[in-house]
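Presented below is the structure to which this report refers.
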Amino acid sequence: MIFYTHRRGCAFRVAGALRRLGRYDEGLGAIDRAIDCLPPGDTSVHADLVRERSLLHAARDLHQHRPPTRTSGGVPS
């Protein structure tokens, strides 16, 4: 069980880091793999992973709908 807990926690941290780096699809993949490894009845961990998955989806959606930044001489306007 220690290996399982370590792996789940690692996937959770990796997904958060990937979200902050803007690598949303990779983060979603990490969360999906962690959810697939959960044993039945582990609802609190499942809830944490689902929350991170929601954050990844929201960040990806915001990033995709953000208008490009215009620059003048390399300085954002």
(message) If I go through the range 26-43 residue by residue, how many of them are over 17 Å from residue 13 (Cβ atoms) and assigned to a helix (DSSP H, G or I)?
(response) 2
(request) Would you check if residue 22 is open to solvent by less than 60 Å² (accessible area, probe 1.4 Å) and modelled with pLDDT of 85 or more? (result) yes
(message) Return the pair list, or none, for Cβ contacts closer than 6 Å from residues in the range 51-66 that are under 16 Å from residue 16 (Cα atoms) to residues that are of a type in the set (A, V, I, L, M, F, W, C) and modelled with pLDDT of 90 or more, at least 6 apart or on different chains.
(response) 52/31; 53/31; 56/28
(request) Starting from residues that are at pLDDT below 90 and charged (D, E, K, R), keep the ones in the range 49-77 and report whichever is farthest from the chain's Cα centre (by Cα). (result) 70
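The values are calculated or read from the model by the stated rules, or taken from the named source; none is laboratory data. Computed from a prediction, not measured in an experiment: that's the story for all the values here. Virtual Cβ from ideal backbone geometry, glycine too; neighbours counted across all protein chains shown. Areas reflect the complete protein model, heavy atoms only, side chains present, ligands, DNA and RNA absent. Shrake-Rupley method; radii C 1.70, N 1.55, O 1.52, S 1.80 Å.
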